[in-house]
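Below is one structure, written out as structure tokens; the observations come after it.
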Amino acid sequence: MRPDPRLDPRARRGPSGGERGSPVSDDPATVAEGRRLFEAACARCHGPGAEVDGGALTDLALSPERMNGVLHAGSDDGGIMPTVPPSTLAERDLPALRAYLRSIRALR
């Protein structure tokens, strides 16, 4: 039986960059799951492609820890980002969400 590459700690970067420090890569299934999560938890404010004025997400440089903090505590830089409860978007969902944001060039 072949090991699952997503669980291999050496598989830190996927074909389009992957999540540094996470075994989850930016494979199509992960990106699709991230898109589903974004549409359910984020698109109402940010728009379906993260392009809404005032909520546009472009070329963000957020570490996984910072993104988690902003999602679960709200923005701390004077922005209007509200908190997203962990029941809506759990920490385990962040690698897929980040993979989707990278796929639409909203996150580097």
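Since every read-out is calculated from the coordinates, none of them should be taken as a lab result. As the structure is a prediction and not an experimental result, all values here were calculated from the model. Note that we place each Cβ from the backbone using ideal geometry, even for glycine, and neighbour counts take in every protein chain shown.
Give the shape of segment 25-108 as rounded, prolate or oblate, defined through the alpha-carbon gyration tensor: a ≥ b ≥ c are the square roots of its eigenvalues, a/c under 1.5 means rounded, and otherwise the shape is prolate if a/b is larger than b/c and oblate if not. Judged from the Cα gyration tensor, segment 25-108 comes out rounded (a/c under 1.5). Quick one: if you stick a label point 7 Å off each Cα along the C-beta vector at GLU65 and VAL52, how many nm between them? It is 3.1 nm. Ranked by the mean number of other Cβ atoms within 10 Å of their residues, highest first, the peptides 75-81, 41-47, 91-97 fall in the order 91-97, 41-47, 75-81.
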